[in-house]
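First up is the structure itself, then whatever we jot down about it.
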Ligand code: GLU
């Protein structure tokens, strides 16, 4: 059975590159009726962030990637948090020492620094030849030590990666990496092998940064007599041709995008396509469709550049598909932030905005007009906005248009169609263009050039009494 895993370090933040790795592992497992496992790689205790595991679990849940085994849900291969597996790693480290594939190293930080200062590019196997007796004594004396992998000095190793093909690395280019640190915790270089094996991982899907160190891991598989998994390394998501999309650029986290008002599945859909192509070039795909179409052959060897504009476009398609109630609910935090506590029909505002926003934080710009009309100012807004020469030079005309607008709003303010017809009629009577009257009407009601919808919609949004109060205010300023 196919078993894949997502193995994040708990940094308190889920980069969308990490989310994409998780997604591909999830899709591959689901496509093949397999299981998707979550493993927390927290052996670097310095980097531990409180609540970070929760961040990851919540993110996967929001993204719609249900994991079959992992923290909280458990499973047959637990614990799924590496810091709780310390003894397991030690057991195998000792086995490797027995077989000569690993060794104790007591070298001090100073010695290692000197080594590098003197031009060494890797550890010099200094402790490989310590006698058993000496090792025992130094351990007994409480000297700190690490356990290192014993890489052969000659030869090379080749393996097949499903994306990058055959990868060969010379042993002379590999260092005797630390497997167990002085605190007794394993390094990633060790724990990934032990856990992938013990957790029955069949396909190891991870970032390309591990492509060249995989031969080292393969030596460990071989030394322990274990079968290697299938390897699938992924190119990173780039900000531009030469830079990775990184946390430092801000806003590279899944949560950052959710906060900006992207919908979880729109993000998932977009990142799925950043590094993988479905054969038929379809772009809007549900999780079921992604699962059905996903294939290793579609993974790209080249990296892809993140394009937020494209993700916005995709998001807008999902926004339009929400029911009115779903959109209204999703918009609430943004209303709270950008236009809270106004006397308007918020449900109707949602109706006006749903077809007009790409991401929910567009609410900010799209509702700016709600603050353009200032009742308390001498003139409620800059009348230059009317942009109608005749209006500007002919005050009598201006007044009479507003008078008519007030009259039709009084008569038809509760009926958009009738109101619209009446406004058109004003244009006919005054020998103006229909658009001119509608333009004046909308500006008079809002004091804004851009509104989601015309004057009649604004009357509905504000309610008839408020609309009339605004028109009267404008009139009083003419
Ligand atoms: N903890 C590793 C990382 O976050 C996981 C790599 C892997 O998937 O093996 O990069």
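Quick notes on this one:
- Among the residues listed as 8, 71, 79, the single one being away from the ligand (no atom under 14 Å from the Cβ), surrounded by 19 or more Cβ atoms within 10 Å (Cβ to Cβ) and over 23 Å from residue 298 (Cβ atoms): 71
- Filtered residue count, the range 278-289, keeping only those that are assigned to a loop (DSSP other than H, G, I, E, B) and either crowded, with 16+ Cβ neighbours inside 10 Å or in contact (Cβ under 8 Å) with a residue 24 or more places away in the chain (or both): 4
- When restricted to residues that are farther than 16 Å from residue 191 by Cβ and either free of Cβ contacts under 8 Å to residues at least 24 places away in the same chain or assigned to a loop (DSSP other than H, G, I, E, B) (or both), the range 52-100 contains 17.
- Of residues in the range 205-226 being in a loop (DSSP other than H, G, I, E, B) and touching a residue at least 12 places away in the same chain (Cβ under 8 Å), the one farthest from the ligand (Cβ to nearest atom): 226
- When each of 448, 469, 396, 427 is tested for being under 24 Å from residue 344 (Cα atoms) and either buried (at least 21 other Cβ atoms within 10 Å of the Cβ) or more than 42 Å from the chain's Cα centre (by Cα) (or both), the lone residue that passes is 469.
- Filtering the range 160-167 for residues that are in contact with a helix residue (DSSP H, G or I) (Cβ under 6 Å, 6 or more places away or on another chain) and over 23 Å from residue 92 (Cβ atoms) leaves a non-empty set.
- Verdict on residue 162 being surrounded by 14 or more Cβ atoms within 10 Å (Cβ to Cβ), within 16 Å of the ligand (Cβ to nearest atom), closer than 30 Å to residue 68 by Cβ and within 37 Å of the chain's Cα centre (by Cα): yes
- Tally of residues being surrounded by 19 or more Cβ atoms within 10 Å (Cβ to Cβ) and away from the ligand (no atom under 13 Å from the Cβ) across the range 227-243: 2
Rundown of residues vs (1) buried (at least 18 other Cβ atoms within 10 Å of the Cβ); (2) away from the ligand (no atom under 16 Å from the Cβ); (3) closer than 30 Å to residue 289 by Cβ; (4) at pLDDT 95 or above, yes/no style:
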{"position": "18", "(1), (2), (3), (4)": "yes, no, yes, yes"}
{"position": "59", "(1), (2), (3), (4)": "yes, no, yes, yes"}
{"position": "66", "(1), (2), (3), (4)": "no, yes, yes, yes"}
{"position": "92", "(1), (2), (3), (4)": "yes, yes, no, yes"}
{"position": "96", "(1), (2), (3), (4)": "yes, yes, no, yes"}
{"position": "100", "(1), (2), (3), (4)": "no, yes, no, yes"}
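- When the criteria are applied in full, residue 13 fails the requirement of being in contact with a strand residue (DSSP E or B) (Cβ under 9 Å, 6 or more places away or on another chain), away from the ligand (no atom under 11 Å from the Cβ) and under 20 Å from residue 288 (Cα atoms).
- Residue among 263, 273 that alone is within 20 Å of residue 61 (Cβ to Cβ), surrounded by 20 or more Cβ atoms within 10 Å (Cβ to Cβ) and modelled with pLDDT of 95 or more: 263
- Meets criteria (near the ligand (Cβ under 10 Å from one of its atoms), crowded, with 22+ Cβ neighbours inside 10 Å and at pLDDT 95 or above) for residue 25: yes
Yes or no, residue by residue, for (1) without any contact (Cβ under 8 Å) to a residue 60 or more places away in the chain; (2) within 21 Å of the chain's Cα centre (by Cα):
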| site | (1), (2) |
| --- | --- |
| 291 | no, yes |
| 294 | no, yes |
| 302 | no, yes |
| 314 | yes, yes |
| 323 | yes, no |
| 328 | yes, no |
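- Selected residue (only one of 434, 389 is surrounded by 13 or more Cβ atoms within 10 Å (Cβ to Cβ), modelled with pLDDT under 95 and more than 27 Å from residue 357 (Cβ to Cβ)): 434
- Scope the range 28-45; condition within 12 Å of the ligand (Cβ to nearest atom) and in contact with a strand residue (DSSP E or B) (Cβ under 8 Å, 6 or more places away or on another chain); matching residues: 37, 38, 39, 40, 42, 43
- Any hit, the range 336-349, residues being within 17 Å of residue 256 (Cβ to Cβ), part of a helix (DSSP H, G or I) and in contact with a helix residue (DSSP H, G or I) (Cβ under 8 Å, 6 or more places away or on another chain): yes
- Within the range 190-204, if we keep just the residues that are assigned to a helix (DSSP H, G or I) and either more than 10 Å from the ligand (Cβ to nearest atom) or without any contact (Cβ under 8 Å) to a residue 24 or more places away in the chain (or both), the residue that is surrounded by the most Cβ atoms within 10 Å (Cβ to Cβ) turns out to be 190.
- Subset of the range 314-356 (residues that are closer than 18 Å to residue 268 by Cβ and crowded, with 16+ Cβ neighbours inside 10 Å): 314, 315, 316, 318, 319, 322, 330
- Restricting 170, 141, 124, 183 to residues that are farther than 20 Å from residue 99 by Cβ, touching a residue at least 12 places away in the same chain (Cβ under 8 Å), away from the ligand (no atom under 16 Å from the Cβ) and over 36 Å from the mean Cα position of the chain (by Cα) narrows the list to 170.
The values are calculated or read from the model by the stated rules, or taken from the named source; none is laboratory data. None of the values given here were measured: they were computed from a predicted structure. No Cβ is skipped: glycine too gets one built from the backbone with ideal geometry, and neighbour counts run over all protein chains shown.
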